[in-house]
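The values are calculated or read from the model by the stated rules, or taken from the named source; none is laboratory data. For clarity, every value in this text was computed on a predicted model and none was experimentally measured. Here Cβ is always computed from backbone atoms with ideal geometry, including for glycine, and neighbour counts include all displayed protein chains. Please note that ligands, DNA and RNA were not included when accessible areas were found on the heavy atoms of the full protein model with its side chains. Shrake-Rupley method; radii C 1.70, N 1.55, O 1.52, S 1.80 Å.
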Amino acid sequence: MTKLGLYVHIPFCRQKCLYCDFSSYPGTEHLFSAYTTALCQQIADQGGKLCKPEVDTIYLGGGTPSILPVHLLEQILKSLFASFAVTAGAEISMEANPGTISREQLCLLKQAGINRLSFGVQSFDDELTARLGRIHKASDSIAAVEHAYDAGFTNISIDLMYGLPGQTADGFLNELKLAAALHTSHVSVYGLKLEEDTPLAALYEQGKITLPDDETEEAMYDVMTEFLPSQGLQRYEISNFARNGMECRHNLKYWHYQPYLGLGAAAHSFINRQRTSNAAGIQEFIDVIAAGLSPVVMSETVGRGDAMAEFIFLALRTTRGMELAAFAKQFSVDFFHHFGRNFEKLHRQQLVQADDKQIWLTERGMKFGNVVFSSFLPD
Ligand code: SF4
């Protein structure tokens, strides 16, 4: 039986990065304690409602979970352990900003049950991180990873970005080399997307920053896909690279269309094809929970056509691809019977491959994933 994954949202940040459109708020330290109380209440409510289900992954994301004082993070973890049947060996991840974490905090978090860290490094170039409005420097990122090793963590990921204003392909390769020198078990690399209504998008529109051209960005992509595997970090998803057996089990649940429960402000859940999301505002979340009401503000049942498309394109994000038997089991229909024409067209464009067990994206398909994904959407 598929076990549940838990996503716990911590919506606080010390400073808003210029490119960020996540649900995260600076200057809200006065709400740390009340938010934790509300979050623990929701954890208890949901654990009770679902009859304390088995959970094998927990992911504390944000925002910046590491900005919360350790005693509040401990309180959240205790609530999770009390309200859900967390299996032995469960993956318990926490995102951390290198500018907000000390060796002492990391030791305490390890004792409290966190066993995987994901550091939002984004860049090892101090000029680039400053341009993004991030609060840390490369030296903080390197120190944070070293502190994590000292604290006994062995499952450590770092996030990097490419396509940044002023970044070059050579500079990006140097950053990847610095990342590889830290010998972490996992590296995620995302291309910068200018999100609407962010300060970085406004700077771009005003002509105050320039972004690498398409050719340079493609060179960065190629550098990433060649260099990281040469360092023992195999690509297992479009943006994710891991050493053998160190793939992020929580994120694999998303790509394998498995159930997850989102806890906290702005968190999303997906259970039995029902998608819900919680109120995004911190105070709103606190008030709703205090009033004994549900924080869910959106709820929809994913229709069969959308569910098929999501199942396919989420699985195709992984290098392993989509298992044909899993698709047939989920939707009681043969993939080629339903999508044979779509597949043939993509195959002619050398974007997908298949054998008798699965379909997967080619190297070219990984680069142009959006073309593939849109082709499976219902009309
Ligand atoms: S630290 Fe992360 S969540 Fe917070 S503002 Fe920066 S990018 Fe957004």
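Structure summary
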{"read-out": "Ile142 accessible area, 1.4 Å probe, all protein chains in place, Å² to nearest 10", "value": "50"}
{"read-out": "The range 304-374: projected area of the alpha-carbon convex hull, averaged over directions, in nm²", "value": "4.1"}
{"read-out": "FRET E, pair Lys177, Glu218, Förster distance 25 Å, beta-carbon r, rounded to 0.05", "value": "0.80"}
{"read-out": "Computed lengthening from Arg243 to Glu54, 0.36 nm per intervening residue step minus Cα-Cα distance", "value": "65.3 nm"}
{"read-out": "For the chain: accessible area per residue (Å², 1.4 Å)", "value": "45"}
{"read-out": "Rounded to 5, percent antiparallel among DSSP beta bridges of the chain", "value": "40"}
{"read-out": "The range 1-139 - percent relative contact order, Cα under 8 Å, separation 6 or more", "value": "27"}
{"read-out": "Of the DSSP H helices in the chain, those whose Cα atoms cover at least 15 Å axially and whose Kyte score averages -0.5 or more", "value": "32-49, 70-83, 138-150, 169-181, 304-316"}
{"read-out": "Most to least accessible of Val8, Val86 (protein chains only, probe 1.4 Å)", "value": "Val86, Val8"}
{"read-out": "Extent along principal axes [Cα atoms of the chain; Å; largest to smallest]", "value": "57, 49, 42"}
{"read-out": "Stretch gain in nm, segment Gln111-Phe336, where the contour uses 0.36 nm per residue and the Cα spacing is subtracted", "value": "76.1 nm"}
{"read-out": "Helix-only mean residue ellipticity at 222 nm for the chain, each DSSP H run of n ≥ 4 adding -39500 (n - 2.57), per residue, nearest 500", "value": "-12500 deg cm²/dmol"}
{"read-out": "Rel. contact order, % - alpha carbon contacts under 8 angstrom, at least six apart, the chain", "value": "15"}
{"read-out": "Cysteines without a disulfide-compatible partner [the chain; Cβ-Cβ under 4.7 Å]", "value": "Cys13, Cys40, Cys51, Cys107, Cys248"}
{"read-out": "Extension reserve of the Glu29-Leu377 stretch, reckoned as 0.36 nm per residue once the Cα distance is removed", "value": "121.1 nm"}
{"read-out": "Only Lys, Arg (+1) and Asp, Glu (-1) charged, at Cβ; the chain dipole about Cα centre in debye", "value": "1040"}
{"read-out": "Solvent accessible area, Å² - Arg134, 1.4 Å probe, full protein context", "value": "30"}
{"read-out": "Accessible area of Thr154 in the full protein assembly, 1.4 Å probe (Å², nearest 10)", "value": "110"}
{"read-out": "Which listed pairs, of Lys3/Lys357; Lys137/Lys177; Lys253/Lys367; Lys177/Lys367; Lys16/Lys137, have C-alpha distances above 26 Å, in listed order", "value": "none"}
{"read-out": "Lys345/Lys78 FRET efficiency (R0 41 Å; Cβ-Cβ; nearest 0.05)", "value": "0.20"}
{"read-out": "Accessible surface of the range 4-255, 1.4 Å probe, proportion on carbon and sulfur as whole %", "value": "50"}
{"read-out": "Separation in nanometres of the label points that stand 7 Å from Cα toward Cβ, at Leu211 and Glu146", "value": "3.5"}
{"read-out": "Per-residue ³J(HN,Hα) for the range 297-302, Karplus 6.51 cos²θ - 1.76 cosθ + 1.60, θ = phi - 60°, Hz, x for Gly and Pro", "value": "10, 9, 8, 8, 9, 6"}
{"read-out": "Pairwise FRET efficiency - Ala85 versus Arg273, Cβ, R0 = 30 Å, nearest 0.05", "value": "0.85"}
{"read-out": "Sequence of Met1, Met366, Met298 when ordered by accessible area, the most exposed leading, probe 1.4 angstrom", "value": "Met1, Met298, Met366"}
{"read-out": "Principal axis dimensions, the range 133-231 - Cα atoms, whole angstrom, descending", "value": "46, 29, 19"}
